[in-house]
Amino acid sequence: MTSWIENSEERLTANFRAIQQAVGDQTAVLAVVKANAYGHGIEQCSLTLARAGAPWLGVNGVSEGAQVRRALAETGLAPAAQPAILLMCGFLPEDVEAIAQHTLTPVVWIPEQVGWLQGTGLAVHIEVDTGMARQGVTPGVEMDELLGEIAAAGLTLDGVMTHFCAAEVAHSALTQTQERRFEAAIAQVRSKGLAPRWVHAGSSSSVDNPAQASPWLVDLANSVGARAMVRCGCALYGYCVPIDGPAASSAQSKLRAFLKPVMTWKTRILSLRDLAAGEAVGYNATFTAPAPMHLAMIPVGYADGLRRELSGTDTRPGGWVILRGRDGSEHQAAIVGRVSMNLTMVDVTAIPGVRIGDEVILLGDGITAEDHARLAQTIPYEILCGVRAG
Ligand SMILES: *Cc1c(COP(=O)(O)O)cnc(C)c1O
């Protein structure tokens, strides 16, 4: 194993509780475990979140749903005591058998999906498009037809959901428009005499965003006798994107202070070498030692998810890793030269007693997915999902 992930179950549980605390007990929290639990490992995280009390887990596709259901079943939990599993991102006709076998709850938004599910008697959620223009049925005639087809196909409408496209923006006009459209959709559901159990909207940023503190969702859910729910992923794993708005808004971020990164991504030093002043390291010799240096080689590179933008050059410092010196204290070691496909060089000149085989922290406390994201000009989500330990 050239690199591996150590997850803190304690932190995952604490992050889930922090989210639950922030939303209050009138609102449930669906724990999003799609994309292999944002790179953390879907089975382990699902079990921890189920134990923490998550009533729902959200997966991407059918194979993830099946994997989670099997893992839950193996714990010996009775089916009724297991979290429900929301199949969030669509399916094809050939998936229906597995959906039924593993009791997944599919999100549907087009008549074709309803047709494929006919005869299964499954519970479904509908996604309402309120402005994302990705998944979702348009309120009005289109939604009327979908609701009619769901009833005709013998399916149960268990939930109604929508997804915000700018949840991290304080006082976003886009979000307000989406909220008005979702209200209209819920009124439409009510006017048909339907009584879904769940009404859900919002993600980690919705919970974190101080401008979305209102009991809006709870009131809306109650208007059809349903329970309100938010769907959180990123925050479970310890990350939130900054609130976009006046400085005061980010200062009021409701979650950030309570979250801790769950993942520690580690590797070990494979070899050590000296570099004389004036010698260069790595592809295209982008870094030249200004003075004699001591370098460590780690067996991780961009193929493993350590982004190439973390390369350290003469003109631009790059990323860093964390090493523990022989004195037990933690040190940063800067990445020098280009990150290669499976190899990276780090500067250990100032760290006493570094040896081959010593552990190196690639991501975790002291070097977060936010640090990587800043350097790679992306979001922590992409960094976490990109980690390929093994
Ligand atoms: C991924 C996803 C979420 C979770 O978003 P976070 O920002 O990670 O909390 C919520 N809802 C839907 C529909 C998603 O696809």
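The values are calculated or read from the model by the stated rules, or taken from the named source; none is laboratory data. Not measured: the values here are computed from a predicted model. Cβ coordinates were reconstructed from backbone atoms using ideal geometry, including for glycine residues, and neighbour counts include every protein chain displayed. We work out accessible area using only protein heavy atoms, side chains counted, and drop any ligands, DNA or RNA first. Shrake-Rupley method; radii C 1.70, N 1.55, O 1.52, S 1.80 Å.
In nm, to one decimal, how far is the residue 21 label point from the residue 138 one, both placed 7 Å along Cα→Cβ? Label-label distance for residue 21 and residue 138, simple model: 4.5 nm.
The residue list 290, 85, 130 was ranked by how far each Cα lies along the charge dipole of the chain toward its positive end, using unit charges on Cβ atoms, and 290 comes out on top. Based on protein heavy atoms only, region 263-386 ends up with 45 Å² per residue of surface accessible to a 1.4 Å probe.
Straight-line cross-link reach from residue 254 at under 15 Å between alpha-carbon atoms covers these aspartates and glutamates, not counting any fewer than eight positions away in the same chain: 168, 208, 244. Once both labels are positioned 7 Å from their Cα atoms along Cα-to-Cβ, the gap between residue 308 and residue 81 label points is 5.1 nm.
Per-residue 3J(HN,Hα) values for region 112-117, derived from phi via the Karplus relation 6.51 cos²θ - 1.76 cosθ + 1.60 with θ = phi - 60°, read 4, 4, 5, x, 4, 8 Hz in sequence order (x marks Gly and Pro). Across region 263-386, the relative contact order, built from alpha-carbon pairs under 8 Å that are at least six residues apart, equals 30 percent.
Contact order for the chain, expressed relative to its length and based on alpha carbon pairs under 8 Å spaced 6+ residues apart, stands at 16 percent.
Please give the length that would be gained between residue 223 and residue 341 if that part of the chain were fully extended, namely 0.36 nm times their separation in residues minus their C-alpha to C-alpha distance (nm, one decimal).
On the way: separation 118, 0.36 × 118 = 42.48 nm, distance 5.46 nm.
Result: 37.0 nm gained on full extension.
From most to least packed by mean Cβ count within 10 Å, the peptides 147-155, 128-136 give 128-136, 147-155. Taking amide H atoms as placed 1.01 Å from N in the peptide plane, the amide H of residue 339 lies under 5 Å from those of 311, 312, each 5 or more residues away in sequence or on another chain. Centroid-to-centroid, using Cα positions, region 39-72 and region 156-175 are 23 Å apart.
Expressed as a whole percentage, what fraction of the accessible surface of the chain belongs to carbon and sulfur atoms when a 1.4 Å probe is rolled over the protein heavy atoms? Can you show the working numbers first?
Values: 8710 of 16700 Å².
Reported share for carbon and sulfur atoms: 52 percent.
Which value in nm describes the separation of the simple spin-label points at residue 388 and residue 327, placed 7 Å from the Cα toward the beta carbon? According to this spin-label approximation, the distance is 3.9 nm. Seen through its C-alpha gyration tensor, with square-root eigenvalues sorted a ≥ b ≥ c, region 70-122 comes out prolate because a/c lies at 1.5 or above while a/b is bigger than b/c. The phi torsions of region 351-362, fed into the Karplus equation with coefficients 6.51, -1.76 and 1.60 and a -60° offset, translate into couplings of 9, x, x, 5, 10, 4, x, 5, 6, 10, 8, 8 Hz, rounded to whole numbers, with Gly and Pro shown as x.
Annotation: extensible slack from residue 316 through residue 180 equals 44.3 nm (criterion: 0.36 nm per residue apart, minus Cα-Cα distance). Label the chain by shape, choosing from rounded, prolate and oblate, from the square roots a ≥ b ≥ c of the eigenvalues of the Cα gyration tensor; if a/c is under 1.5 it is rounded, and otherwise prolate applies when a/b is larger than b/c, oblate when it is not. Prolate is the answer for the chain, as a/c is 1.5 or above and a/b outweighs b/c.
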